[in-house]
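Written out below as structure tokens is the structure these notes cover.
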Amino acid sequence: MNLAVIKIYPAAGYAPAIIDVLESMKAALGAAADCKDCSVAFETGEDGAIVYTEIWLSQEAHENHLRSAIFSRMLEAMEFSRKRPIVEFFTVTEAGGMEFIERARTGTMAGL
């Protein structure tokens, strides 16, 4: 599984345009079988980044997406960042939910 986290710091007046682009990407990727999830969020504080995340089921699907016309929209949105956007890609080998928290809190995880 691959996780992409992209932070854009909108220049004055460009936040609505960036959000529109990211929401359009989210809608388009909703139909993609290999895209498990994507979201748009907002950081509070002085920098006020718009944070876009995608979760891909495979490296191949993620790489194909990076070459797609849909991802070109992201590159255009990044042009409106007042400082260099932060782009991070992660390969996830294991994921957990509430059961992970329960195991950690009860000390039943390896190494605890």
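Just so you know, all these numbers are worked out from the coordinates, no wet-lab data involved. Keep in mind that this is a model prediction, so the values were computed, not measured. Note: ideal-geometry Cβ built from the backbone for every residue, glycine included; neighbour counts use all protein chains shown.
Hey, got a sec? Which GluC sites (Glu not before Pro) in segment 65-109 land in a DSSP loop and have at most 14 other Cβ atoms within 10 Å?
Those that pass, being in a loop and sparsely packed, are 79, 94.
Would you mind computing the Rg to Rh ratio of segment 30-83 from its alpha-carbon coordinates, Kirkwood style for Rh?
Result: Rg/Rh = 1.02.
Collect residues whose amide H, placed 1.01 Å from N in the peptide plane, falls under 5 Å from the amide H of residue 36; neighbours closer than 5 in sequence don't count.
Here 55, 56, 57 satisfy the definition.
At what distance in nm do the modelled label points of residue 27 and residue 108 sit from each other, each positioned 7 Å from its Cα along Cα→Cβ?
Here the answer is 4.5 nm between the modelled labels.
How compact is the chain by the rule of thumb for globular proteins, expressed as Cα Rg over 2.2 N^0.38 Å?
For the chain, the normalised Cα radius of gyration comes out at 1.24.
Once the Cβ-Cβ distance between residue 12 and residue 41 is put in as r, and R0 is 30 Å, what FRET efficiency do you end up with, to the nearest 0.05?
In this case the efficiency is close to 0.90.
Relative contact order of segment 2-106: what whole-number percent is it, with Cα pairs under 8 angstrom and at least 6 residues apart?
42
So what are the ³J(HN,Hα) numbers for segment 93-101, from phi and the Karplus equation (6.51, -1.76, 1.60; θ = phi - 60°), rounded to whole Hz, Gly and Pro as x?
Once θ is set to phi - 60°, the couplings for segment 93-101 become 9, 8, 10, x, x, 4, 4, 5, 4 Hz.
Using θ = phi - 60° and the Karplus form 6.51 cos²θ - 1.76 cosθ + 1.60, what ³J(HN,Hα) does each residue of segment 58-70 get, whole Hz, x for Gly and Pro?
Along segment 58-70, the couplings run 8, 4, 4, 5, 5, 5, 4, 4, 4, 8, 7, 5, 4 Hz.
Test of understanding: what is the full-extension gain from residue 89 to residue 61, defined as 0.36 nm times their sequence separation minus their Cα-Cα distance?
8.7 nm
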